[in-house]
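Engineer: Okay, handing you the structure first.
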Amino acid sequence: MTCGPRTTTRAAPWRRVFYGWWMVAGLAVTELVSWGVLVYAFSVLVVPMRAELGWSTAQLNGAYTTGVAVSGLVAVPVGRRLQRHGARGVMTAGSLLGVAALLAWANAHSLVAFYAAFAVAGLAMATTLYEPAFAVTAAWFARHRARAVLVLTVAGGLASTVFVPLTGGLVHVYGWRTTLVLLAGALGLVTVPLHAGLLRRRPSDMGHTPTGALPTSRRRRTPTPPRARSSGARRSAGSPSS
């Protein structure tokens, strides 16, 4: 599948193609874990949290809504940061924020602390979930871009299938607070090294612009034929062309 006009798409060198798909494979793993821990685990933890803390379902869900709202509010500045500085720092920092949010959540005993933990989780969502991952993928792939994005989408979609039963099993054995600590460890151990290691390069580092075309400085300049130059010069001077 080819995305974009054929006139601006060039066949990428095999190194760039290999690195791009290797990066997508790693991002698929981080999306699976990030979605599972930051999004889908909450639905499993509501019941044991309500039983222990005595808060209403509305209060608990309000914290999650706060995180989603924060994620939406910071989406634009996160996008600008991605465009200017690349994804490595943004997504690695987001993984660390996710670990901090989960640990704060595990130790929350008041509504203020609980909502603050989800505000931090919202920052982590904005910097680790689909939006930054799709932006990185779109920058690497001119051809097969839709296929690469589909891989990430499927990985994120499988997160509920993996992490809902996993979280439920952990809660049954360890309780919800210890479960959050274990999930924080999994998030940090999986996503931080992958984000820091796989996102070291940009497309321009391997000789291509995000559109898949060679940078301007590396394009071969085709000299203008002498006849064309003289014809253009005559027209610019007002002389009739022959």
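Quick note: the coordinates plus some simple rules give every number you see, no bench work behind them. Keep in mind it's a predicted model, so treat the numbers as computed, not measured. Cβ: placed from backbone, ideal geometry, glycine included. Neighbour counts: every protein chain shown.
Engineer: Sorted by mean Cβ packing within 10 Å, highest first, what order do the peptides 33-41, 69-77, 129-137 take?
Structural biologist: Working: 33-41: 24.3, 69-77: 14.4, 129-137: 20.8.
In descending order of packing, they fall as 33-41, 129-137, 69-77.
Engineer: Okay, next question. Counting pairs of Cα atoms in segment 13-213, how many percent are more than 28 Å apart? List each step's numbers first, then the result.
Structural biologist: Details: 5479 of 20100 pairs.
Of the Cα pairs, 27 percent sit more than 28 Å apart.
Engineer: From the residues GLY169, ASN61, THR153, which one has its Cα farthest along the dipole of segment 60-202 in the positive direction, the dipole being from +1 and -1 charges on Cβ of Lys/Arg and Asp/Glu about the Cα centre?
Structural biologist: The listed residue farthest towards the positive side: THR153.
Engineer: Dipole size in debye (nearest 20) for segment 13-213 around its Cα centre, Lys and Arg Cβ +1, Asp and Glu Cβ -1?
Structural biologist: Numbers: 14 positive and 4 negative charges, 165 e Å.
Roughly 800 debye, rounded to the nearest 20.
Engineer: May I pose another question? What distance in nm lies between label points placed 7 Å from Cα along the C-beta direction at ALA119 and ARG200?
Structural biologist: Inter-label distance under the simple model: 3.7 nm.
Engineer: Still on this structure, please answer the following. How far apart, in nm, are the 7 Å Cα→Cβ label points at PHE18 and ARG84?
Structural biologist: Label at PHE18, label at ARG84, 3.6 nm between them.
Engineer: Highest first, please rank the peptides 164-173, 179-188, 16-25, 91-100 by the mean number of other Cβ atoms sitting within 10 Å of their residues.
Structural biologist: On the way: 164-173: 15.8, 179-188: 20.5, 16-25: 17.7, 91-100: 22.5.
For the peptides 164-173, 179-188, 16-25, 91-100, the packing ranking is 91-100, 179-188, 16-25, 164-173.
Engineer: What are the ³J(HN,Hα) couplings of segment 85-90, residue after residue, when phi is run through the Karplus curve with 6.51, -1.76, 1.60 and θ = phi - 60°? Round to Hz, x for glycine and proline.
Structural biologist: Going residue by residue, I get 10, x, 8, 4, x, 5 Hz, with x marking Gly and Pro.
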